[in-house]
Amino acid sequence: MPPKPKITREMIIDAAVEVIRKQGFENINARALAEHLQCSTQPVMYHFSTMEELKQAAYDKVDHLHTEYLLRVSDETDPMLGIGLNYIRFAVEEPNLFRFLFQSGYVKEKNLFEMVEAEEVMPILQVLQGELEMDIHKTKEIFLIVAMFVHGYASIIANNHLAFDEKTAAYYLKQSFIGAVAAYKQEENR
């Protein structure tokens, strides 16, 4: 009889992400993961002393996947528009992962200013800074304004299963960006 395959910590995290993707973060438990991995609950409990520890590891993995997803912007696309539309698309394509990231209570930061300082946001800010040709402080200010619009739109879609109209989203995203830059420049001139 061949030995049973060894269940690794990474396999359990990946299984957690899949369970969240299909069933929502509310359904993460040792039994659901064991069923997904076709094993007993013992490997899950061996690698993670608590379900909270596992959920945090899954959160970190989904956060990384989300950042990679956002940065998949073609060279022909305006980076601000591309990243913003990808944010909304992620909510459309992965509503359970979106809700896990932003509505589950696992976010580490305590406010928007901490969020914009998060390590995961830096690659996005660097792309935007290059487009805006502004210092990082100004880039963060504009990012926050546009991020509030984009997050609101994405949340409405993820929570209500509304239809996604990319042309409409792109139009209002551009308007939000133009308005944020104009407001910041107007404030600077005072």
Looking only at residues that are of a type in the set (D, E, K, R) and either at pLDDT below 95 or not in a helix (DSSP H, G or I) (or both) in segment 61-88, which one is farthest from residue 170 (Cα to Cα)? 63
Segment 3-28 - residue that is loosely packed, with under 15 Cβ neighbours inside 10 Å and assigned to a loop (DSSP other than H, G, I, E, B) and, of those, modelled with the highest pLDDT: 8
If you scan segment 48-60, which residues turn out to be part of a helix (DSSP H, G or I) and of a type outside the set (Ser, Thr, Tyr)? 51, 52, 53, 54, 55, 56, 57, 58, 60
Set 114, 131: member being more than 25 Å from residue 168 (Cβ to Cβ) and either surrounded by 15 or more Cβ atoms within 10 Å (Cβ to Cβ) or among the charged types (D, E, K, R) (or both): 114
Residue 114 - would you say it is within 15 Å of the chain's Cα centre (by Cα), on the phi < 0 side of the Ramachandran plot and without any contact (Cβ under 8 Å) to a residue 12 or more places away in the chain? no
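Give the residues of segment 72-89 that are surrounded by 16 or more Cβ atoms within 10 Å (Cβ to Cβ) and of a type in the set (S, T, N, Q), sorted by residue number.
Scanning segment 72-89 gives a single hit, 86.
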From the list 113, 143, 100, which residue is farther than 27 Å from residue 188 by Cβ and of a type outside the set (Val, Ile, Thr)? 100
Quick check on residue 56: is it of a type in the set (S, T, N, Q), in contact with a Phe, Trp or Tyr (Cβ under 7 Å, 6 or more places away or on another chain) and free of Cβ contacts under 8 Å to residues at least 60 places away in the same chain? yes
Please determine, by comparing only the residues of segment 163-187 that are charged (D, E, K, R) and touching a residue at least 12 places away in the same chain (Cβ under 8 Å), which one is nearest to residue 153 (Cα to Cα). 166
Somewhere in segment 40-47, is a residue at negative phi, in contact (Cβ under 8 Å) with a residue 24 or more places away in the chain, hydrophobic (A, V, I, L, M, F, W, C) and not in a helix (DSSP H, G or I)? no
If you go through segment 32-71 one residue at a time, how many are under 14 Å from residue 102 (Cα atoms) and touching a Ser or Thr at 6+ places or on another chain (Cβ under 9 Å)? 2
When you look at residue 65, is it crowded, with 20+ Cβ neighbours inside 10 Å and within 27 Å of residue 146 (Cα to Cα), yes or no? no
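The values are calculated or read from the model by the stated rules, or taken from the named source; none is laboratory data. Everything numeric in this text was worked out from a predicted model, so none of it was measured. Methodologically, a virtual Cβ is constructed for each residue, glycine included, from the backbone with ideal geometry; neighbour enumeration extends over all protein chains shown.
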